[in-house]
Amino acid sequence: MFISFEGTEGVGKTTLIQKLYDHFQFAGKDVVLTREPGGTPLAEQIRSLLLSVNHDEKMSHDTELLLMYAARAQHLERVILPALAEGKIVLCDRFSDSSFAYQCAGRGLSRDKLQLLNINFVAKMPDITFWLDAPIELGMTRARERGALDRFEQEKVSFFEKVRTGFEEIHQNEPERMKRLDATQVPEQVFKEALSYLN
Ligand code: Z5A
């Protein structure tokens with residue numbers, strides 16, 4: 001089973017994934033925990049490029065989109081597809097829904113561009129996606145206690161509001177795959193809600 005986790009920053013994706021990882025391991029399942037952008041050494045290098053604020057020039061939106069998919073292609077081929085072929089459970093912190101929410105809804109890139117990339121480079125979509133939803137300010141407050149902000153975290157609230165609308169749109173279009181979790185709840189409750197969809 002391929003499970004992805006989506007949402008705006010600081011909503012608790014990493015926290016939930018860790019709980020589910022522990023849960024599956026305790027149950028004796030073979031489980032792989034991974035993330036995007038990243039998940040392989042090469043894709044992690046692309047992640048560094050994407051998140052770095054130390055570029056001398058502004059990264060174009062198209063470049064950002066293509067780097068996301070370059071990392072994803074590597075990640076799918078090297079990690080996700082082999083793990084699924086071996087019958088493992090894959091827990092992935094963000095996947096292509098993030099590209100729709102951030103690069104299309106957030107940055108304003110056309111859906112046609114994204115669709116072209118998905119059709120050609122995404123051989124497998126998640127079986128289930130958890131969208132952790134919470135007001136933008138709540139996630140920002142949680143996440144920003146960590147310190148230095150990456151290139152995405154430096155965006156304004158209005159950008160993240162658009163991103164949230166993007167996730168809402170996917171949820172409306174694909175309610176069977178994308179489940180909305182109320183991320184304002186305490187972590188234990190978010191975990192229980194997620195489990196209820198898996199049992
Ligand atoms: N991006 C993109 O644009 N396009 C793409 O296709 C992809 C990604 C794949 C990096 O992602 C950036 O890449 C991302 C979008 C872009 N940028 N942004 N924003 P990332 O997933 O690495 O970055 P992130 O979203 O900023 O992750 P995060 O800040 O680590 O958030 P999180 O994993 O959802 O939250 P957390 O680490 O579990 O929790 C944050 C804090 O809140 C922490 O102190 C927890 O202890 C606390 N927490 C967690 N849950 C709770 C609850 N329920 N109550 C109270 N406190 C909580």
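The values are calculated or read from the model by the stated rules, or taken from the named source; none is laboratory data. Everything quoted here is computed from the prediction, not taken from an experiment. Here the Cβ is made from the backbone with ideal geometry for all residues, glycine too, and neighbour counts use every protein chain on show. These accessible areas exclude ligands, DNA and RNA; they are computed on the full protein's heavy atoms, side chains included. Shrake-Rupley method; radii C 1.70, N 1.55, O 1.52, S 1.80 Å.
Brief remarks on what is shown
- Every pair of residues 6+ apart whose Cβ atoms lie under 8 Å, when the first sits in segment 52-67 and is on the phi < 0 side of the Ramachandran plot while the second is open to solvent by 60 Å² or more (accessible area, probe 1.4 Å) and among the charged types (D, E, K, R): 62/113; 65/113
- Applying a threshold of 8 Å to beta carbon distances and a minimum spacing of six or more residues, or different chains, the list of pairs starting in segment 1-16 at a residue that is touching a residue at least 40 places away in the same chain (Cβ under 8 Å) and ending at one that is polar (S, T, N, Q) and near the ligand (Cβ under 6 Å from one of its atoms) reads 6/98.
- Selected residue (only one of 166, 147 is more than 7 Å from the ligand (Cβ to nearest atom) and in contact (Cβ under 8 Å) with a residue 60 or more places away in the chain): 166
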